[in-house]
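For reference, the structure discussed in these notes is given below.
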Amino acid sequence: MKVLVTGGAGFIGSHIVDTLVKANLQVYILDNLTTGSFGNISPEAVFLKKDIRDADLKELLARERFDYVIHQAAQTTVGKSLEEPYYDCDVNIRGLVNLLEACRLSEVKRFVFASSAAIYGDTAALPIGEEWEKQPASFYGQSKWTGEQYLNLYYQNFGLEYVALRYANVFGERQGANGEGGVISIFLNKLLAGQELTVYGDGSQTRDYIYVKDVAQANYQALFSDAANRSYNVSTAKETSINELLALLSSMLKEPVTGRNAAMRCNDIQRSVLANQAAYNGLKWKPSYTLSEGLELMLHALQQRLCK
Ligand SMILES: NC(=O)c1ccc[n+]([C@@H]2O[C@H](COP(=O)([O-])OP(=O)(O)OC[C@H]3O[C@@H](n4cnc5c(N)ncnc54)[C@H](O)[C@@H]3O)[C@@H](O)[C@H]2O)c1
């Protein structure tokens, strides 16, 4: 079976590629390397250096006849979407529609889409369920929500099957220090460089940190699940504050880890945690790694990279 992973040279996409290769699928990567890197590209996948907005995408998909498409390529940061709304829309909406058209015409069996917790915005209660009102607070969140609605209409009108996965804050090896959910990556990189950590606000704000290999597994299971044509949260359903994260890092590194407090950033959400029961029921997926296990693996990989 032939699978195309867009954004397969990026953080999450490269782990998805590894999971698919391990499952003996034939994997192709389409990436323009804006934020991805050559070093992330699996030697066991075919690499196509292309942009999802390219006009000849239809011809490529018609030629290659992929069975499945897993779409990770995107403008991935909230901040950039606010600074450059046109670019965000161009990549995340026009690029998506360009790819969906190519999938429809080449009769792709199923389309798996990287959505985000950013579609919910700041909610009054927690944990957030899939059916909750969508109140994105950024163009990035809006682009993901609009993307999901396009998927639904492609299914309704043309029968293109889909699964949308709304990731919580993903962390793990190969994560850059930008993008969504980058706080763990920023902290670990700073700690290893002997630099001071900055904690915005009093450190009581919480996030739902999901390890990247669990996210890759959810994508794999979304290809074959019976319960398609809907969206699922991909999360741990556990809330962790920045202060708890610092305590975990202290016990892992066996030294006190603290941060310098700075003013809370405007638009920062105070608490975030996503329910994950639907993914268990529909995709038969649940996370396998605890936060500590994921942190250990990530730290080990960073330390090894520094020793090279
Ligand atoms: N990291 C998180 O916590 C998180 C949370 C929610 C959702 N997401 C979503 O998951 C997906 C993967 O994010 P990531 O964190 O791995 O980011 P990333 O930047 O590491 O990966 C994105 C990849 O897409 C490629 N790309 C960007 N624009 C492209 C274009 N126009 N054409 C072709 N390739 C292009 C980049 O080169 C990169 O390799 C994104 O859709 C992102 O919005 C991430």
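Where a number appears in this text, it was derived from the coordinates with a stated rule and is not lab data. All values reported here derive from a predicted model rather than from experimental measurement. Counting neighbours? That spans all protein chains shown, and the Cβs are built from the backbone with ideal geometry, glycine included.
Would you call Leu126 closer than 25 Å to Val212 by Cβ, more than 9 Å from the ligand (Cβ to nearest atom) and surrounded by fewer than 20 Cβ atoms within 10 Å (Cβ to Cβ)? When the stated conditions are applied, Leu126 passes them.
Listed by position, the strands (runs of 3 or more DSSP E) contained in segment 24-102 that have at least 1 residues being of a type outside the set (Val, Ile, Thr), more than 13 Å from the ligand (Cβ to nearest atom) and farther than 20 Å from Trp145 by Cβ are 26-31, 68-71.
Check every one of the helices (runs of 4 or more DSSP H) wholly within segment 196-308 and list those with 2 or more residues that are small (Gly, Ala, Ser) and either closer than 30 Å to Val3 by Cβ or under 18 Å from the mean Cα position of the chain (by Cα) (or both). Even if it seems obvious, please write down each step before you answer.
Details: elements: 212-224, 242-253, 277-283, 291-307.
Because the criterion is at least 2 residues that are small (Gly, Ala, Ser) and either closer than 30 Å to Val3 by Cβ or under 18 Å from the mean Cα position of the chain (by Cα) (or both), the helices (runs of 4 or more DSSP H) in segment 196-308 that meet it are 212-224, 277-283, 291-307.
Look through Gly159, Gly182, Gly194 and report the one residue that is within 14 Å of the ligand (Cβ to nearest atom) and surrounded by fewer than 23 Cβ atoms within 10 Å (Cβ to Cβ). That would be Gly182, the only listed residue that is within 14 Å of the ligand (Cβ to nearest atom) and surrounded by fewer than 23 Cβ atoms within 10 Å (Cβ to Cβ). Within segment 1-15, residues that are in contact (Cβ under 8 Å) with a residue 12 or more places away in the chain and among the basic types (Lys, Arg) sit with their Cβ atoms under 9 Å from residues that are more than 7 Å from the ligand (Cβ to nearest atom) and in a helix (DSSP H, G or I), at 6+ positions apart or across chains, in these pairs: Lys2/Glu64. From the list Gln175, Gln221, the lone residue that is surrounded by 15 or more Cβ atoms within 10 Å (Cβ to Cβ), out of contact with any Gly (no Cβ under 9 Å at 6 or more places or on another chain) and in contact (Cβ under 8 Å) with a residue 60 or more places away in the chain is Gln221.
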